[in-house]
1. If only one of Ala76, Ala109 is in contact (Cβ under 8 Å) with a residue 12 or more places away in the chain and either at negative phi or among the hydroxyl-bearing types (Ser, Thr, Tyr) (or both), which one is it?
2. Taking the criterion of being in a loop (DSSP other than H, G, I, E, B) and within 12 Å of the chain's Cα centre (by Cα), would at least one residue in the stretch 18-41 satisfy it?
3. Within the stretch 22-37, how many residues are more than 17 Å from Ala56 (Cα to Cα), surrounded by 15 or more Cβ atoms within 10 Å (Cβ to Cβ) and not aliphatic (A, V, I, L, M)?
4. Could you tell me which residue of the stretch 58-77 is most open to solvent (accessible area, probe 1.4 Å), considering only residues that are in a loop (DSSP other than H, G, I, E, B) and either at pLDDT below 95 or farther than 20 Å from Gly119 by Cβ (or both)?
5. Does the stretch 44-57 include one or more residues that are in contact with a Gly (Cβ under 8 Å, 6 or more places away or on another chain) and either open to solvent by less than 60 Å² (accessible area, probe 1.4 Å) or not aromatic (Phe, Trp, Tyr) (or both)?
6. Applying the selection to the stretch 95-114, what residues are open to solvent by less than 50 Å² (accessible area, probe 1.4 Å) and hydrophobic (A, V, I, L, M, F, W, C)?
Amino acid sequence: QVQLLESGGGSVQAGGALSLSCVASGSSNDMDIYWMAWFRQAPGKEREGVARASRAGYILYADSVKGRFVISRDNAKNTVVLQMNNLKPEDTAMYYCAAAPPGVGAALAPSPYRHWGQGTQVTVSA
């Protein structure tokens, strides 16, 4: 079965940057990970979508990170990277990598995603 492994989290001051990486393994069908995405969840809050990228190169960002974060994908390596720039305290959360087949629509909703990593913590101090 598909497994996702995140790395790159840490603690930074506001205005700093972090790069998160996610590697997918164990997929028997490339379409199972057609979408690879990043979500985040802060304590007491709902899980929210951050960004996603398809194998075909389609990219979608949440408004809250647009212009600051960049998602990129290497299909050959089944890897997705989230470059996080100009971090703000409100970016503090557990960040999760997720994968899904086609058909998730335009929304950055977590429900269509079938595979999830265990998360990596990002903490941004003022």
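1. Ala109
2. Let us first name the residues in the stretch 18-41 that are in a loop (DSSP other than H, G, I, E, B), namely 26-29, 34.
Among the residues that remain, those that are also within 12 Å of the chain's Cα centre (by Cα) are: none.
No, the stretch 18-41 contains no residue that is in a loop (DSSP other than H, G, I, E, B) and within 12 Å of the chain's Cα centre (by Cα).
3. 2
4. Tyr58
5. Among the residues of the stretch 44-57, not one is in contact with a Gly (Cβ under 8 Å, 6 or more places away or on another chain) and either open to solvent by less than 60 Å² (accessible area, probe 1.4 Å) or not aromatic (Phe, Trp, Tyr) (or both), which makes the answer no.
6. The answer is Cys97, Ala98, Ala99, Ala100, Val104, Leu108, Ala109.
The values are calculated or read from the model by the stated rules, or taken from the named source; none is laboratory data. Everything numeric in this text was worked out from a predicted model, so none of it was measured. Positions of Cβ are generated from backbone atoms using ideal geometry, with glycine treated the same way; all protein chains shown enter the neighbour counts. For the accessible areas, the whole protein counts, side chains as well, though only heavy atoms, and no ligand, DNA or RNA atoms are used. Shrake-Rupley method; radii C 1.70, N 1.55, O 1.52, S 1.80 Å.
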